[in-house]
Amino acid sequence: MRRSSTVRASRKLVAVGLGTLLVGLATGGPATSEDVPLPLGDADLVETRTVTELAPGVSLTHISRGTEPAREKDYQTTRRGPWQVRVLTIDPAVAVGSLRATYGPDLAPTEKTSELAAYSGAMAAVNASFFTFSGSSNYPGDPVGLGLYDGQLLSEPSTGTAEVSLLVDSRTNQVSMPGKLSWRERVVNKRTGNGLKVEMLGHPPVVPAECAKKNNPTKCRQSGDVVRLPAQFSANTPSGKGVEVVLGRNGCVIRREKERGTTLKPVQTSIQATGKQTKRLMTITRMHNNKRKACLRSSMRLRDSTGARIPTGPWMYGVNGRFTLTRAGQVAVPRGETSLFQRHPRTFVGRTSAGQIRIVTIDGRQATSVGAGLRETAAVALALDMADSINLDGGGSTTMVVNGAVANRPSGSSEREVGDALIWSPTPWARRR
């Protein structure tokens, strides 16, 4: 079902500053997100909205604001736009399906959002986390921050002050935005209780300069890294100086090597160490009396800013973003002058005051849509009644896929490959397994 409307924003609208919601129409009465023109550019711009019902409780709204094509030199400053905005709305009380994050066959490579949607059988998908991206990396899809999929933490929260997180409970399709998370993990020998702190997930460990010169990695006394690398991250582990221990499904040691780099089977996990941590890892994974294999368990804790533990059952998913846009109905994004704060294509997600989930893209860096700064994006989120929202990866990554087709117009010459995606599947979580 489709319906469309065209409105010219009245000059009688209350004029407010950037980052503040246009609070209502001059005629009085509460304004809904369907009534309030987007707070982008001049008040007299023509705004057209087309709403398509994708399924009960799931709809796509295409908002076109402004009609005059923009010149490239004016993208950052124009008040005439234009802007192309797409809003995927999911009502968990009505919709049948599941919201979750996905990364394809494994996390380390990158794939197009359209490929991730097809791989997962998704009705709709958008790009999600900030990711490594570098063409020189063997693991370009590695999230730069939180990556939680099917309850498995494959990438730890970053220490950066700007990182925020989106958590999804796919059983109920409820989302939360707890801000910055913290993480701690140890691998512990089940028999002896001796353990070792894991410092990173899914990243190649750093080899200290002194260690790179030694033939026996366990003789180095400089501090190095301990990294856990499940097969879900990558079947091929980072190679180089250091030690590597491969664990089976039950956490028991399958093999130990004094050099890093191997191929994992789907149920296996690698623990790699460099520097002086190599000796400790080899010690806690030794066979008992040359007869019994060592078996390790993980004591992983993921917590929010209050110290409360984040549940990590197989129904939980989490992706990373940069900056909270709105919190409790107020603009929360700080002011800034760096490129990240300027107009770019945007992908963001949040929930309305009534509990609906909204996933939004704003095209940018094009004559047909100039993009939005972070505070402009926050203002749009409020106009769409997104009381709580965060900014996901944007720029050339911004892509929305609906029913197998790219619904927006990504910047650049082609659709960019990304690390992971946030998807809506028509299959409920419980039935998916």
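A short reminder: the numbers here are calculations on the coordinates, not readings from a lab. Just so you know, these numbers come straight off a predicted model, no measurement behind them. No Cβ is skipped: glycine too gets one built from the backbone with ideal geometry, and neighbour counts run over all protein chains shown.
FRET efficiency for the pair residue 250 and residue 286, taken as 1/(1 + (r/R0)^6) with r the Cβ-Cβ distance and R0 = 25 Å, rounds to 0.90. Look at where the Cα atoms of the stretch 327-344 and of the stretch 141-166 average out, and the two centres are 21 Å apart.
Considering only DSSP beta bridges with both partners in the stretch 186-298, what is the antiparallel share in %, to the nearest 5?
95 percent
Taking a virtual spin label 7 Å from the Cα of residue 55 along the C-beta vector, which residues in the stretch 346-381 bring their backbone nitrogen under 16 Å of it? Within reach of a label on residue 55: 357-359. Counting Lys and Arg as +1 and Asp and Glu as -1 over every other residue whose Cβ lies under 10 Å from the Cβ of residue 183, the net charge comes to +1.
Model label points for residue 223 and residue 48, set 7 angstrom from Cα along the Cα-to-Cβ axis, are 6.0 nm apart.
May I ask you to derive the FRET efficiency for residue 405 and residue 159 from their Cβ-Cβ distance with R0 = 56 Å, giving the value to the nearest 0.05?
E between residue 405 and residue 159, to the nearest 0.05, is 0.90.
Evaluated on the chain, the Kirkwood hydrodynamic radius is 23.0 Å, with distances taken between all distinct Cα atoms.
Counting other Cβ atoms within 10 Å of each Cβ, which trypsin sites (Lys or Arg not before Pro) in the stretch 212-270 have at most 16 and sit in a DSSP loop? Don't skip to the answer; put the middle values down first.
On the way: sites: 213, 214, 219, 221, 228, 241, 249, 255, 256, 258, 260; in loops: 214, 221, 241, 249, 258.
Here the sparse-neighbourhood loop sites are 214, 221, 249, 258.
Its convex hull of Cα atoms gives the stretch 186-298 a direction-averaged projected area, equal to a quarter of the hull surface, of 6.3 nm².
For the chain, the longest principal axis of the Cα atoms and the long axis of helix 374-383 meet at an angle of about 60 degrees. Among 288, 344, the ranking by other beta carbons within 10 Å of each residue's beta carbon, starting with the fewest, stands as 288, 344.
Please work out the FRET efficiency for the pair residue 299 and residue 67, using the Cβ-Cβ distance as r and a Förster radius of 41 Å; give the result to the nearest 0.05.
Calculated value: 0.10.
In terms of overall dimensions, the stretch 370-433 has a Cα radius of gyration and Dmax of 14.6, 42 angstrom. Taking only the Cα atoms of the stretch 300-426, the radius of gyration and Dmax are 15.5, 48 Å.
Across all directions of projection, what mean area in square nanometres is found for the Cα convex hull of the stretch 63-139?
Here the figure is 8.3 nm², rounded to one decimal.
Give me the percent relative contact order of the chain, please, defined on Cα pairs under 8 angstrom at least 6 residues apart. With pairs under 8 Å counted, the relative contact order is 23 percent. Extension gain for the segment residue 79 to residue 194, taken as residue separation times 0.36 nm less the Cα-Cα distance, is 35.1 nm to one decimal.
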